[in-house]
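Written below as structure tokens is the structure these notes are about.
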Amino acid sequence: MKLGVSIKTSAIPGGPPADRAGHLVRLAQAAEGFGFDSIWVPDRTVFPTDIASRYPGRFGPGTDVPVSQQVLEPIATMSFLAGVTSRVNLGFSVIVLPFRHPVLNAKMIATLDVLSGGRALFGVGVGWMPEEFEGMGASYADRGAVTDEHVEMYRALCAGDPASYSGRRFGIADKIFYPKPIQQPCPPVWVGGSSRAAMRRAARLGDGWLPNRLAPAEIERGRERLRAACEETGRDPGEVAVGACASLDGGRDRVRGVLHEYQDAGVERLVVSMSSLDTDAAIDAMGVLAEAAGSSS
């Protein structure tokens, strides 16, 4: 099982914006130093000022905090971190595709892959917050269909020479697309979400399935649904890897046990969230995870 870490790009309460750069450099280099396979960052554009009252189950007391949504733009962030690392893979958990144009987005991902030496992992999702779609001038109702065409066009641009694609919403004909990514036919597409639609998307368009906050038992059930979705589309289930994003709490022995549970559930790539906004605390948590992973192998 490949093990990665999701690093916080959120604003530090009371801290100057310039502190973000040093924080992220330390986290990325620590992850690489500990031997993790990958680092991952989230995507967020805008959100309502009263997010805690609108979504009390997600951002109310005792859960997440609204400041966690004040995140840096992910592709720019990973381009910066590519320059201060040399080995660790660079993943997105996940980029909300309906907010972006597929040609420009494909160019940015391909550029990141070229400049990083083939380290990009293209995590994609449809988004969930209607207020964010409103702020971005994007259609919430059409987000699934837009995402599907976006991924289809991304693959066509990366592999075609010249590139052509014709969809209901997007299209391009006989155009030169540059640069072509190092990873061919394209940096792998990891599809986020655990809904029926997300399963179908992963089965039809993804290289991997990357659900968030599912326990190992839920992953096992999800694998069966993914297998069924692959069979419905005529695709070999073995072509779609199984991943998971999770938060692991506790000491080394507790973390080691949970890692075993995810591995036994068939997870091939596990992304563990480093939840602390404090740099030293997040690096300490990485150390516990690395020690637990080493002792469980």
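The values are calculated or read from the model by the stated rules, or taken from the named source; none is laboratory data. Nothing here was measured: the structure is a model prediction, and the numbers come from that model. Positions of Cβ are backbone-derived with ideal geometry, glycine not excepted, and every protein chain shown enters the neighbour counts.
The rows are residues; the columns are (1) within 30 Å of Ala52 (Cβ to Cβ); (2) buried (at least 20 other Cβ atoms within 10 Å of the Cβ).
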{"position": "Met78", "(1), (2)": "yes, yes"}
{"position": "Gly83", "(1), (2)": "no, no"}
{"position": "Arg87", "(1), (2)": "no, no"}
{"position": "Val94", "(1), (2)": "yes, yes"}
{"position": "Ala106", "(1), (2)": "no, yes"}
{"position": "Arg119", "(1), (2)": "no, yes"}
{"position": "Gly123", "(1), (2)": "yes, yes"}
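So, in the stretch 7-41, how many residues would count as being under 20 Å from Ser116 (Cα atoms), among the polar types (S, T, N, Q) and assigned to a strand (DSSP E or B)?
1
Results for (1) out of contact with any strand residue (DSSP E or B) (no Cβ under 9 Å at 6 or more places or on another chain); (2) modelled with pLDDT of 95 or more; (3) among the β-branched types (Val, Ile, Thr), shown as yes or no for each residue.
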| position | (1), (2), (3) |
| --- | --- |
| Phe122 | no, yes, no |
| Val126 | no, yes, yes |
| Met136 | no, yes, no |
| Ala141 | yes, yes, no |
| Gly144 | yes, yes, no |
| Asp148 | yes, yes, no |
| Val151 | no, yes, yes |
| Arg155 | no, yes, no |
| Ser166 | no, yes, no |
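Is it fair to say Arg20 is modelled with pLDDT under 95 and surrounded by 15 or more Cβ atoms within 10 Å (Cβ to Cβ)?
When the stated conditions are applied, Arg20 passes them.
Go through (1) outside any helix (DSSP H, G or I); (2) surrounded by 13 or more Cβ atoms within 10 Å (Cβ to Cβ); (3) free of Cβ contacts under 8 Å to residues at least 60 places away in the same chain for Val267 and report which single condition fails.
Evaluating Val267 over (1) outside any helix (DSSP H, G or I); (2) surrounded by 13 or more Cβ atoms within 10 Å (Cβ to Cβ); (3) free of Cβ contacts under 8 Å to residues at least 60 places away in the same chain leaves (3) as the failure.
Considering each residue of the stretch 23-54, count those that are touching a residue at least 60 places away in the same chain (Cβ under 8 Å), among the hydroxyl-bearing types (Ser, Thr, Tyr) and either farther than 18 Å from Ala120 by Cα or surrounded by fewer than 18 Cβ atoms within 10 Å (Cβ to Cβ) (or both), and give that number.
Residues meeting the conditions: 1.
Being of a type in the set (D, E, K, R), over 19 Å from Thr279 (Cβ atoms) and not in a loop (DSSP other than H, G, I, E, B) is true for just one of Arg87, Arg44, Arg58. Which residue is that?
Of Arg87, Arg44, Arg58, the one residue that is of a type in the set (D, E, K, R), over 19 Å from Thr279 (Cβ atoms) and not in a loop (DSSP other than H, G, I, E, B) is Arg58.
Kindly indicate whether any position in the stretch 271-282 is farther than 23 Å from Ala28 by Cβ and free of Cβ contacts under 8 Å to residues at least 60 places away in the same chain.
no
Say whether the condition of being polar (S, T, N, Q), farther than 27 Å from Tyr165 by Cα, without any contact (Cβ under 8 Å) to a residue 12 or more places away in the chain and not in a strand (DSSP E or B) is met by at least one residue in the stretch 69-76.
No, there is no match, as no residue in the stretch 69-76 is polar (S, T, N, Q), farther than 27 Å from Tyr165 by Cα, without any contact (Cβ under 8 Å) to a residue 12 or more places away in the chain and not in a strand (DSSP E or B).
Looking at the stretch 153-195 only, could you name the residues that are farther than 17 Å from Asn105 by Cα and under 19 Å from the mean Cα position of the chain (by Cα)?
Gly192, Gly193, Ser194, Ser195
In the stretch 283-296, what residues are of a type outside the set (Val, Ile, Thr) and in contact (Cβ under 8 Å) with a residue 12 or more places away in the chain?
Met286, Gly287, Leu289, Ala290, Glu291, Ala292, Ala293, Ser295, Ser296 - these are the residues of the stretch 283-296 that are of a type outside the set (Val, Ile, Thr) and in contact (Cβ under 8 Å) with a residue 12 or more places away in the chain.
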